[in-house]
Amino acid sequence: QVQLVESGGGLVQPGGSLRLSCAASRSLFNVNHMGWYRQAPGKQRELVAIITSGSTTNYADSVKGRFTISRDNAKNTVYLQMNSLKPEDTAIYYCKYQNWGPAYWGQGTQVTVSS
């Protein structure tokens, strides 16, 4: 079992920034897939960004150039830096852990972008 705890969500104005954190209960060293996903009301959960054990990253087209995913293996934490936020970024953001086996999800953190 892996426990994931997300934090850093909140209310921000359009154009603002937030940094989400995902703290894992076990080491992230060599974990091949850590990712951020989001789900807006009435929509399916979608990929936002992933980072591999080799620090290769991949982003949804809608967030490229605005969001940055990173990992700190020493702190067992994955981050999502979100800049130039838009109202359409409003969603619950979830952290995902997968290492050649079952996937584990956090409880989610709400991000609301509104003036």
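The values are calculated or read from the model by the stated rules, or taken from the named source; none is laboratory data. Note that the coordinates shown come from a computational prediction; the quantities given were computed from them, not determined experimentally. Note that we place each Cβ from the backbone using ideal geometry, even for glycine, and neighbour counts take in every protein chain shown. These area figures cover heavy atoms from the full protein model, side chains too; ligands, DNA and RNA do not enter into them. Shrake-Rupley method; radii C 1.70, N 1.55, O 1.52, S 1.80 Å.
See the values below:
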read-out	value
Residue count, segment 93-115 (criterion: farther than 10 Å from Trp36 by Cα and surrounded by fewer than 18 Cβ atoms within 10 Å (Cβ to Cβ))	12
Tally, over segment 25-57, of residues that are surrounded by 17 or more Cβ atoms within 10 Å (Cβ to Cβ) and in contact with a helix residue (DSSP H, G or I) (Cβ under 6 Å, 6 or more places away or on another chain)	1
Among the residues listed as Gln1, Gln13, the single one being over 10 Å from the mean Cα position of the chain (by Cα), open to solvent by 60 Å² or more (accessible area, probe 1.4 Å) and at pLDDT below 95	Gln1
Among residues of segment 72-113, those that are out of contact with any strand residue (DSSP E or B) (no Cβ under 9 Å at 6 or more places or on another chain) and under 16 Å from Ser53 (Cα atoms), counted	3
Tally of residues being touching a strand residue (DSSP E or B) at 6+ places or on another chain (Cβ under 8 Å) and open to solvent by 60 Å² or more (accessible area, probe 1.4 Å) across segment 58-69	2
Residue among Trp105, Trp100 that is of a type in the set (Phe, Trp, Tyr) and over 14 Å from the mean Cα position of the chain (by Cα)	Trp100
Residue match in segment 23-39 (condition: outside any strand (DSSP E or B), more than 23 Å from Gln1 (Cα to Cα) and not β-branched (Val, Ile, Thr))	no
